[in-house]
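Colleague: After the structure tokens below, expect a handful of questions from me.
The values are calculated or read from the model by the stated rules, or taken from the named source; none is laboratory data. Small disclaimer: the values here were computed from a predicted structure and weren't measured. Quick reminder, even Gly has a Cβ in these numbers, built from the backbone with ideal geometry, and neighbours come from all protein chains shown. Side chains are part of the model used for accessible areas, which takes the heavy atoms of the whole protein and leaves out ligands, DNA and RNA. Shrake-Rupley method; radii C 1.70, N 1.55, O 1.52, S 1.80 Å.
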Amino acid sequence: MTELIELSALEQAKLIREKKISAVELLEATLKQVDAVDGRPGSLDTPVEEPEDLEKVHAFILLTKAHALEKAAEVDRKIAAGEALGVLAGVPYSAKDVYCTKGIQTTAASRILEGWKPPYDSTVIERMNQAGAVMFGKVNLDEFTFGGSNETTAFKPTVRNPWGLDRVPGGSSGGSAAAVSANEGAISLGTDTGGSIREPAAFTGIVGVKPTYGRVSRYGVIPFASSMDTMGPLTRTVSDAAVVLREIAGFDPRDNVTGRVPVEDYLAELEEGIRGLRIGISPDYLKITYLDDDGNYSSAAIDPEIEKSVWRAAEIFRSLGAEIIEDVPMANTKYSVPAYFVITRIEAYSNLQRFDGLKYGHTTKEPVRDMYELYYKSRGEGFGYQAKLRLLTGMFASQEKFYEKYYRRAQRARALIRRDFDDAFDPAGKYRLDAILTPSTPSPAFKFGGATASDSLLMQFADQFTSPMNFAGTPGVSFPCGLSSEGLPIGLQATGYDYCESKILRIAYAFEQATSEEDWRKVKPAALR
Amino acid sequence: MTEYEVIIGLETHIQLNTVTKAFCGCKADSWGDPANTNICPICTGQPGALPSTNKAMVEKALMLCLAMDSDINMDSYFDRKNYLYADLPGGYQITQNDKSIGRGGHLDFLMDDGREVRCHIHNLHMEEDAGKTKNEGDIRLIDMNRCGVPLVEMVTMPDLHSADEAATYLMRLRQLLRWLGISEANMEKAHLRCDANVSIRPKGATELGKKCEIKNINSIEAVRMAINFEIDRQIRETEAGNKIEQWTIEWDNDAQELRKMRSKETAADYRYFREPNLMPVHITEAFLAEVKAKMPELPLARRARFISEMGLPEYDATVLTAERDTSEFFETACRAYTGDNKRVSNWMMNEVLRIVNERGLSVSDLKISGQDLADIIRLVDAKTVNTSTGKKLVDLVQDSGKPPKKIVEEEGLGLVSDDSAIREICARVVENNPNEVATYRGGKETLIGWFVGQVMREMRGKADPEKAKAILEELLKAG
């Protein structure tokens, strides 16, 4: 029999509602799984990784057992009393440690926030509460979400990929992805500024949704680049992603950029199928384009196994009644990585200025002469390498004298990237697409240290297929499509137009249903074998 | 000695009197509240908290743009001004940099000598205030109550040419802000703050001299003094053959002196960029129309109308349009009175404003209304009361809040017009003063005034003097 922890969130919720299991029972099973596979939690006081650390997943920074038990018991009490229940009542979930949780330590995986307990809950956490879900822990990430491998966290040991413990889980929502793929909860909340939900989802063989910018409130989530940050679920099934998104999406008066667009019933609409949908494939998403040492654009092939997966999926979609449109130009994709570099660093630099060592978090214990020295020392000690790099590059690029050269040019590139999407999805245009099918990443999960190695082009450009959607503001879902010859998960991305989450979820769901009996679906992550 | 021309531009920060702060739901006015009590995750810069634009701030800023005749940007943007200071919890101030809500415009005002001055406006933008810093010994204290309070920064062109003009500009601005109801504009409470850029040049020169910026001037009188001091200093330096350097100077109000803060060699780089957390401020035509409909007639226009349509002398019009409430009280009284507006103006300036001054009230605090004033003047006109009783009535209505007619009835203040009562007193006065009667009858008829006075005294002012005079003449001539 399938274990409780292997079930989807919807299946777990159904068992609880039908009183076949209690919420407390499910929570305990989940915590037992964490105990079995996760190892010691990430901590600021763990400088050296011990050999036994290499055998564990280390998705979590903090387990909130007491808090979770209280919530689960409350769900059980409501069930006994026959009171109304949220759709996710009793389902345990974890949250990336950038979601503010009232009275519960929130770290952004940085020393600078050491000991900080937010005075408030983020909107998404509130909505998960309303749905009855039970948060049982906060998961690790790249420091302030700055990275795609989880290696930049200040909380060690680093998260490991359950499919290959010598490999990165992806990032920055690496803790979320590793937890869900290792059955440590069926749902984790992540954030995505350039691919931070979709890349780790692809690396760990699960589903990850980056919604339209403004679809899910950003209120109470520690920002990276405010004009691109999005919040979404990582789950093992498309249905779970659909139901979580439905619960957390919608207008929020506390987030100015959320739209007053009605939230569709993503879950119910999954069953509508994909007959008649026009799905595009772009050659610009089947190669990596980069600036070489001479400043010219060069291109490199992506992993051939990944390109093959795209065409195989296209065949499946065609057989399910979708129309496949090849050779859709997305010519400005190549600007994405450099423009991303400029805009995210400038916004990140500004967003990091509030961490001054005074109001909250880490304060230096060294003697200081004045306020500015207190700033310098606290920030020097509190920020990790990547945060400092972003501060410096962000301050450099945002100088008034460089405004035209960097920020304005990057904004123009952003507008061009957006135009690619506008043209492709224009209902009166040449392509009239409903979605574009792309690889989620140019390669499967790489080994630790890989992103900084000299031959790491594919890893450095790991977000080339995901960051354009953050620029354009459009939604994307990464879903698993098979395993590489090395046995590592491969993810595909369906991306659609603004607020068209329903369509891309239908595409991911159609693929999931059509391939449900395939052999690779029965393979468990290495850490669970 | 060379004659110099003085050139002054003012930067004013205007605290808008919204109920809540610019970007969160905290109470905006913390006057008298303990430190750090009107704060929340948003205005204290907690990680993850996001700003939301307060519509009331936009509306009030828009009213000011309309009043200054500025060009309104239907789409303006918020930007981040990045700098690190302990009273700025986010590490940046949310402000408007290159696409602010208003650009251009002017404020016209009259100097005491009647000269009209037009001061052009460079730009108007919305922004949030920072907190307050206070040093106590070795400890630096931060009060975040003021963080996020909405401000409009309005910068003038260098159009002012004396300390007097600068002071008058500020007085007129203060009047206008209160008139519009968008700021309490109390300089002592820092609702209205002023920095002045001052430079001099020889008369006739076309190039601008190096300017010095005087910061922290917190009253009209201080503005006048500080600018005059600075003009004197610059002239002295120039005459002594020294170059004026670009300084930032602080006005020390306690010592009443200027103090150099720093030489300004390089401008700070605030690394402005669009605040990504806020949508552009989009003003719809409907919203603009709604705000326009709320706009009152402005002081100068009202003053002109009081002169041209209501027939007031310039002096009266100036006094009666000093405050919006005063002008509205006056107009209410005129509408109720429907007679000589100048007569209402006299009563208004002599009696109503006397009470306001004597009792330290503002016109809006008065219990007496424009309707009451009109009623009192009518009672005097109808000779129900005499003028001095009428003046007393103004005080009595203000004290009791009762309508004038009721007070007259209750207190028996009405003039006695009953012939027999007056006749009785007149007869007694004639009987008791045989000498004066003889003199009158001897031909000195001007003595009639003395007789009337006696009657009025006997009747404690309540007699209708016209009637008394007629009866007295009848009695005296009959003899």
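Colleague: Based on the Cβ-Cβ distance of residue A:518 and residue A:114, what FRET efficiency does E = 1/(1 + (r/R0)^6) give at R0 = 35 Å, to the nearest 0.05? Don't skip to the answer; put the middle values down first.
Modeller: On the way: r = 46 Å, r/R0 = 1.32.
About 0.15, to the nearest 0.05.
Colleague: Moving on to the next point. Relative to the longest principal Cα axis of chain B, at what angle does helix B:448-458 sit, 0 to 90 degrees, rounded to 10?
Modeller: Roughly 80 degrees, rounded to the nearest 10.
Colleague: Additional query: For chain A, what does the convex hull of the Cα positions come to per residue, in cubic angstrom? Write down the numbers at each step before the final one.
Modeller: Values: hull volume 78.9 nm³, N = 529.
Considering the Cα atoms of chain A, their hull volume per residue is 149 Å³.
Colleague: What is the pair-distance distribution P(r) of region A:4-270, computed from all Cα-Cα distances in 10 Å bins starting at 0, with each bin given as a whole percent?
Modeller: Reading the bins upward from 0: 8, 34, 38, 17, 2, 0.
Colleague: For region A:322-337, what does the Karplus curve 6.51 cos²θ - 1.76 cosθ + 1.60, with θ = phi - 60°, yield as ³J(HN,Hα) per residue in whole Hz, taken in order and with x for Gly and Pro?
Modeller: 7, 9, 9, 10, 8, 6, 7, x, 10, 5, 8, 3, 5, 7, 4, 5
Colleague: For labels at residue B:13 and residue A:372 in the simple 7 Å Cα→Cβ model, what's the distance in nm?
Modeller: Between residue B:13 and residue A:372, the label points sit 2.1 nm apart.
Colleague: Order B:282, B:122, B:106, B:191 by their accessible area, 1.4 angstrom probe, all chains in place, largest first.
Modeller: Numbers: B:282 115, B:122 85, B:106 40, B:191 15 Å².
The most accessible residue leads, giving B:282, B:122, B:106, B:191.
Colleague: Moving on. So what are the three principal axis dimensions of region B:419-478 from its Cα atoms, in whole Å, longest to shortest?
Modeller: Rounded to whole Å, the extents work out to 30, 19, 17 Å.
Colleague: For region A:395-411, which residues drop by 20 square angstrom or more in accessible area between the chain on its own and all protein chains together (1.4 Å probe)?
Modeller: Residues losing area: A:395, A:398, A:399, A:400, A:403, A:407.
Colleague: Between residue A:423 and residue A:35, how many nm apart are label points set 7 Å from Cα along the C-beta direction?
Modeller: Distance between the two pseudo-spin positions: 5.9 nm.
Colleague: At 1.4 Å probe radius, can you tell me the per residue accessible area of region A:338-405 in Å²?
Modeller: Computed with neighbouring chains in place, this is 47 Å² per residue.
Colleague: Another one. I'd like the accessible area for residue A:401, computed on protein heavy atoms only with a 1.4 Å probe and all protein chains in place. Round to 10 Å², please.
Modeller: 150
Colleague: Provide, as a two-decimal number, the C-alpha radius of gyration of region A:346-406 over 2.2 N^0.38 Å, N being how many residues it has. Write out the running numbers ahead of the final one.
Modeller: Details: Rg = 13.1 Å, N = 61, 2.2 N^0.38 = 10.5 Å.
That works out to 1.24 for region A:346-406.
Colleague: Something else: For q = 0.07, 0.10, 0.13 Å⁻¹, what log10 I(q)/I(0) does chain B give under the Debye formula with an equal point scatterer on each alpha carbon and no solvent?
Modeller: Treating every Cα as an identical point scatterer, log10 I(q)/I(0) equals -0.54, -0.87, -1.24.
Colleague: Say a paramagnetic label sat at a point 7 Å from the Cα of residue B:400, along Cα to Cβ; which residues of region B:448-474 have their backbone N under 20 Å from it?
Modeller: B:460-463
Colleague: Using only the Cα atoms of region A:32-153, what are the Rg and Dmax in Å?
Modeller: When restricted to the Cα atoms of region A:32-153, Rg and Dmax are 15.8, 51 Å.
Colleague: Two decimals is fine: what is log10 I(q)/I(0) at q = 0.06, 0.07 Å⁻¹ for the protein assembly as shown, from a Debye sum with one equal scatterer on every Cα and no solvent?
Modeller: Each listed q maps to, in turn, -0.59, -0.73.
Colleague: Relative to a virtual label point 7 Å from the Cα of residue B:246 in the Cα→beta-carbon direction, which members of region B:196-235 show backbone nitrogen distances below 20 Å?
Modeller: B:196-202, B:206-216, B:230-231, B:234-235, by backbone N distance to the label point.
Colleague: Related question: For chain B, find the longest principal axis of its Cα atoms and tell me its angle to the long axis of helix B:55-67, 0 to 90°, nearest 10.
Modeller: So the inclination is approximately 70 degrees.
Colleague: Next up: Quick one: which residues, 5+ away or cross-chain, put their amide H under 5 Å from the amide H of residue B:261? H built at 1.01 Å from N.
Modeller: The list, which skips near neighbours in sequence, is B:248, B:249, B:250.
Colleague: Next up: Measure nothing but the geometry: give the 0 to 90° angle between the long axis through the Cα atoms of B:285-294 and the longest principal axis through the Cα atoms of chain B, rounded to 10°.
Modeller: The answer is roughly 30 degrees.
Colleague: Where the accessible area of region B:288-405 is counted over protein heavy atoms with a 1.4 Å probe, how much of it, in %, is carbon and sulfur?
Modeller: Details: 2750 of 5550 Å².
Reported share for carbon and sulfur atoms: 50 percent.
Colleague: Given contacts defined as C-alpha pairs under 8 Å and at least six residues apart, what's the relative contact order of chain B, whole-number percent? Intermediate results must be reported in sequence, preceding the final value.
Modeller: Details: 836 pairs, mean separation 63.2, N = 479.
Worked out over chain B, it gives 13 percent.
Colleague: May I ask you to list the lysines whose Cα is less than 18 Å away from that of residue A:503, ignoring any residue fewer than eight positions away on the same chain?
Modeller: Reachable lysines: A:210.
Colleague: Which value, in Å², gives the accessible area per residue of region B:190-267 when a 1.4 Å probe is used on the protein heavy atoms? Intermediate values should be presented prior to the final figure.
Modeller: Numbers: 4370 Å² over 78 residues.
In whole numbers, region B:190-267 has 56 Å² accessible per residue.
Colleague: Take the residue pairs B:211/B:260; B:132/B:260; A:401/B:55; A:19/A:56; A:359/B:55 and return only those whose Cα atoms are more than 24 Å apart.
Modeller: Numbers: B:211/B:260 13 Å; B:132/B:260 22 Å; A:401/B:55 34 Å; A:19/A:56 33 Å; A:359/B:55 29 Å.
The answer is A:401/B:55; A:19/A:56; A:359/B:55.
Colleague: Run the accessible area of region A:348-450 with a 1.4 Å probe and give the carbon-and-sulfur part as a rounded percent. Walk me through the numbers before you get to the answer.
Modeller: On the way: 2680 of 4880 Å².
Of the solvent-accessible surface of region A:348-450, carbon and sulfur hold 55 percent.
Colleague: Between residue A:296 and residue A:365, with labels modelled 7 Å along Cα→Cβ, what's the label distance in nm to one decimal, could you check?
Modeller: It is 5.7 nm.
Colleague: A follow-up question, please. What is the Cα centroid distance between region B:406-451 and region B:35-100, reported in whole angstrom?
Modeller: Computed from Cα coordinates, the inter-centre distance equals 74 Å.
Colleague: Once A and B are treated as a pair rather than alone, how much accessible area drops out, both sides summed, in Å² to 100, probe 1.4 Å?
Modeller: 2900
Colleague: Using Cα-Cα distances under 8 Å and only pairs 6 or more residues apart, what relative contact order does chain A have, in percent?
Modeller: Values: 1273 pairs, mean separation 89.7, N = 529.
Relative contact order of chain A: 17 percent.
Colleague: Does a label point 7 Å from the Cα of residue B:155, set along Cα-to-beta-carbon, have any residues of region B:1-17 with amide nitrogen under 11 Å, and which are they?
Modeller: Residues passing the 11 Å test: B:10-12.
Colleague: Carbon and sulfur: what percent of region B:4-287's accessible surface (1.4 Å probe)? Mind showing how you got there, number by number?
Modeller: Working: 5700 of 12060 Å².
It is 47 percent, rounded to a whole number.
Colleague: Taking amide H atoms as placed 1.01 Å from N in the peptide plane, list the residues 5 or more away in sequence, or in a different chain, whose amide H sits under 5 Å from that of residue A:473.
Modeller: Here the answer is none, since no amide H 5 or more places off falls under 5 Å of that of residue A:473.
Colleague: Once you have the Cα-Cα distance between residue B:431 and residue B:297, take 0.36 nm times their residue separation minus that, and quote the gain in nm to one decimal. Could the numbers behind the result be given before it?
Modeller: Working: separation 134, 0.36 × 134 = 48.24 nm, distance 6.26 nm.
Here the answer is 42.0 nm.
Colleague: Run the helix sum for chain A: -39,500 (n - 2.57) per DSSP H stretch of 4+ residues, divided by residue count, reported at 222 nm to the nearest 500 deg cm²/dmol. Walk me through the intermediate numbers first.
Modeller: Numbers: 16 runs with 177 residues, N = 529.
Here the helix-only value at 222 nm equals -10000 deg cm²/dmol.
Colleague: While we're here: How big is region B:373-467 by Rg and Dmax over its Cα atoms, in Å?
Modeller: Reported Rg and Dmax, both Å: 15.9, 52.
Colleague: Evaluate the relative contact order of region A:338-405 (contact order divided by residue number), counting alpha-carbon pairs under 8 angstrom at least 6 apart; express in whole percent. Please report the intermediate quantities before stating the final value.
Modeller: Working: 48 pairs, mean separation 31.4, N = 68.
Relative contact order, region A:338-405: 46 percent.
Colleague: Which value at 222 nm does chain B reach when only helices count, each DSSP H run of 4 or more adding -39,500 (n - 2.57), with the total divided by all residues and rounded to the nearest 500 deg cm²/dmol? Numbers along the way, then the final one.
Modeller: Values: 16 runs with 187 residues, N = 479.
Using -39500 (n - 2.57) per qualifying helix, the result is -12000 deg cm²/dmol.
Colleague: Once ligands and nucleic acids are excluded and a 1.4 Å probe is used, how much of residue A:189 is accessible, expressed in Å² to the nearest 10?
Modeller: 0
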